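The values are calculated or read from the model by the stated rules, or taken from the named source; none is laboratory data. The shown structure was predicted, so the numbers you read here are calculated from the model rather than taken from an experiment. So basically every Cβ, Gly included, is an ideal-geometry build from the backbone, and we count neighbours across all protein chains shown. Protein only, heavy atoms only, side chains kept; ligands, DNA and RNA dropped before computing areas. Shrake-Rupley method; radii C 1.70, N 1.55, O 1.52, S 1.80 Å.
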Amino acid sequence: MLHQTNLTVNEAGHLAVGGVDTLALAREYGTPLYVLDEDMVRSRMRVYVQAVKAHMRAGSLPLFASKALCCKALCRMAKEEGMGLDVVSAGELYTALAAEVPAENICFHGNAKTEEDIRYAIASGVGYIAADGEEELERIDALAARSSVRQRVLLRVTPGIDPHTFAAVNTGVVDVKFGVPIPTGQALEATVRALEMEHIDLAGFHCHIGSQIFDAGPFCLTVDVMLDFLDQVRGRTGYTAELLNLGGGFAVAYEEGETAPDCGEMIRLMAERLTERCEQYDYPLPAVMLEPGRDIVGAAGVTLYTVQNVKSVPGGRHYVAVDGGMGDNPRYALYGARHTALVADRAGEIPDTSVVLAGRCCESGDLIGENVPLHSPRQGDTVAVLVTGAYNYSMASNYNRVPRPPIVALKDGKSRLIVRRETVEDVAALDL
Ligand code: LLP
């Protein structure tokens, strides 16, 4: 089994999450069911809060990238643990505000914000809007002028780093839909423009180099590129940034053999590099924001399904079809992403077969995985798919008008619903 201290096999041989029997959860709440270990979520949040406090300048703040899992309960947890929030839509902002996350600790992102988004963000008093380019800066400036405010803004730049090859200042990786590229000189020009705008209060810069990053190397390289850029900006304009948002991307272990990185240590190394570069350029140390999403909630999530049908195709493969699928976890269909699965009823048994774990939607691509090792799966068994806390519920759909599963949070050995199960009436509720 994937090594995670919160996953155990209890006396009955069942998978337990945070000490709670998953079969009992399946019985009480039904399946499919998203289970979220709240104790683990909070402890991941504390890793970031403590590391940022220990190693970064005063005024630094980790933000939970709510796109990974957005609901009011998660926003409240982030607030209680001392994190801010990264939101990318009116829906995420609304959820954060409904959970009473202080607006000043919210950063509003997006590469295609609508006028409505910008108005809502300004009216809500969000701490920062991450502007994606010069045109957007102009729109923010105009809308802030109408509200007679100076909006604090971060300019999103693309440093040109491929986190998986470490290549720096690679124009290939600036050819993306997000941000203003540094290597092409556009970021510098956009900064010059931002500083001329009366209703833009440029607090600093934002960048996000990617996801599933297992070591500090790419982040340190980002710090190098960003400091070089900050120095150029200062040379041209005299402006010094007080804030640097270095984005998210901290990896989690999805499969056996992968080891989750020590993120506290990664943050220490980033801080060390930042201090070194600031000394080198004689630049005032900026405060830092980070935006972890996946690492906060990913490993804390387990999805429970009930096996509906099992079939073997002679000369073909062995199929295990469950009562969920791409509707609640589109990651395999979208990215070929692999998740570890097991039969929760016999969690201690070694897998004796390799199956296609199929979903319930009417399309062949609706798979949760292929070549999935399981122990003697049969109809009625509970299958647990691990590390589904991030980008599962948040990317869930109602394809085939299948209602989305509820989320149950586990804390101190007790369970509580934090998102209720959708009904077929909910699914049809918008139809006129
Ligand atoms: N900040 C920004 C600006 C981002 O675009 C993202 C993720 C994050 C923070 C959080 O990154 P994380 O720490 O979660 O890696 N749906 C995909 C992941 C898409 C990530 C998009 N941006 C998946 O299921 O793997």
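Per residue of the range 352-359, what does 6.51 cos²θ - 1.76 cosθ + 1.60 with θ = phi - 60° give for ³J(HN,Hα)? Whole Hz please, x for Gly and Pro, Karplus curve as stated.
10, 8, 10, 10, 9, 8, 9, x
Out of residues 5 or more away from V288 or on other chains, whose amide H comes under 5 Å of its own, with H placed 1.01 Å from N in the peptide plane?
R57, S60, L61, L244
Let me check I have the definition right: for the range 64-179, take the eigenvalues of the Cα gyration tensor, multiply each by 5, take square roots. What are those semi-axes in whole Å, largest first?
Working from the Cα gyration tensor, I get semi-axes of 25, 20, 11 Å.
Which ³J(HN,Hα) values, rounded to whole Hz and listed in residue order, are derived for the range 243-254 from phi using the Karplus coefficients 6.51, -1.76 and 1.60 in 6.51 cos²θ - 1.76 cosθ + 1.60 with θ = phi - 60°, glycine and proline given as x?
9, 10, 9, 9, x, x, x, 5, 7, 10, 8, 8
Please work out the Cα center distance from the range 229-271 to the range 141-217, rounded to the nearest Å.
Distance between centres, Cα-based: 14 Å.
How much accessible area per residue does the range 38-297 have, counting only protein heavy atoms and a probe of 1.4 Å, in square angstrom?
39
Going highest first, how would you order 414-427, 202-215, 107-120 by mean Cβ packing within 10 Å?
Order by mean packing, descending: 202-215, 107-120, 414-427.
I need the semi-axes of the equivalent ellipsoid of the chain: take the C-alpha gyration tensor, multiply each eigenvalue by 5, square-root it, list largest first in whole angstrom.
Three semi-axes, in Å: 41, 23, 20.
What's the center-to-center distance, using Cα atoms, between the range 384-432 and the range 13-41 in Å?
Rounded to whole Å, the Cα centres lie 14 Å apart.
Carbon-plus-sulfur fraction of the accessible area of the chain, 1.4 Å probe, in percent?
After summing per-atom areas, the C and S share lands at 49 percent.
Give me a comma-separated list of calculated 3J(HN,Hα) values for the range 49-60, in order, Karplus coefficients 6.51, -1.76, 1.60 applied at θ = phi - 60°, integers in Hz, x for any Gly or Pro.
Running phi through 6.51 cos²θ - 1.76 cosθ + 1.60 with θ = phi - 60° gives 4, 5, 5, 5, 5, 6, 10, 9, 4, 4, x, 6 Hz.
When all protein chains stay in place, what accessible area (Å², nearest 10, 1.4 Å probe) is found for D366?
Roll a 1.4 Å probe over it and D366 shows about 0 Å².
What number comes out for the charge environment of I140, summing +1 per Lys or Arg and -1 per Asp or Glu over other residues with Cβ under 15 Å away?
The answer is -4.
Just flag the trypsin sites (Lys or Arg not before Pro) in the range 301-377 sitting in loop per DSSP whose Cβ has no more than 14 other Cβ atoms within 10 Å.
Within the range 301-377, the qualifying trypsin sites (Lys or Arg not before Pro) (loop, at most 14 other Cβ atoms within 10 Å) are R317.
How much accessible surface does E363 have with a 1.4 Å probe, in Å² rounded to 10?
Its heavy atoms expose roughly 80 Å² to the probe.
Suppose a student asked you for the relative contact order of the chain, using Cα pairs under 8 Å spaced at least 6 residues apart; what percent would you report?
Here the relative contact order equals 19 percent.
So what does R76 come to for accessible area, using a 1.4 Å probe and Å² rounded to 10?
Accessible area of R76: about 100 Å².
Search the structure for amide H atoms under 5 Å from the amide H of A65, placed 1.01 Å from N in the peptide plane, and list their residues when 5 or more places away or on another chain.
Those qualifying (amide H under 5 Å, at least 5 residues apart or on another chain) are D86, G293.
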